[in-house]
Amino acid sequence: MNRYRKGRVGARPHGTESRVSFRQRPVVLSLPRRAERVNPKELLARLDMASFVAELLGVPVPMRAGWIDGGLCPFHDDKRRGSFWIHMPEGRFVCFSCGARGDALDLLMKVRGLEFAEALDCVRRAAS
């Protein structure tokens, strides 16, 4: 009987399954550049919030400030308007049906499916 097969098919002696030789280790050729530190609040303050949110959701830029009806919620299957509201000066949003809420950065991350760093880079390009 094979000494490696004690009860299980293909079993090996204790400790040998986790050993990785030097040649099998992945080689990292270059590390990604570290992004400069940016305060998200400063970026959002420099951004023209009304045009940014309107472009993101595909709605016309509103003529008035304050809370406006944002149309159908992009996060769930909405059948009628009235549950998704946007506060244009601050870029905040809230949906009273599904409970989604946040700022313009959260809206960008959820609508386009981006990670935080990618969304921050997108806001940085829009602010400059």
Handout entry: For region 46-58, Karplus couplings with θ = phi - 60° (6.51, -1.76, 1.60), whole Hz, Gly/Pro x
Key = 7, 7, 6, 5, 4, 6, 5, 5, 5, 5, 5, 8, x
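Taking the Cβ of Arg92 as the centre, find all other residues whose Cβ is under 11 Å away and add up their charges (Lys, Arg: +1; Asp, Glu: -1).
Values: positive: Arg101; negative: Glu90, Asp103, Asp106.
Computed value for this residue: -2.
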Exercise for the section: Send over the Kirkwood Rh of region 39-127, from the inverse of the averaged 1/r over different Cα pairs, rounded to one decimal Å. Expected result: 13.1 Å
Practice task
Scan around Gly102 for amide H atoms under 5 Å from its own, H built in the peptide plane at 1.01 Å from N, and keep only partners 5 or more places away or cross-chain.
Solution key: Phe93
Exercise for the section: Provide the per-residue ³J(HN,Hα) series for region 103-110, in order, calculated from phi with Karplus coefficients 6.51, -1.76, 1.60 and θ = phi - 60°, each as a whole number of Hz, with x at glycine and proline positions. Expected result: 9, 5, 5, 5, 4, 4, 5, 6
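The numbers here are math on the coordinates, done by the rules we state, and not lab data. Keep in mind that this is a model prediction, so the values were computed, not measured. Neighbour counts run over all protein chains shown; Cβ positions are idealised from the backbone, glycine included.
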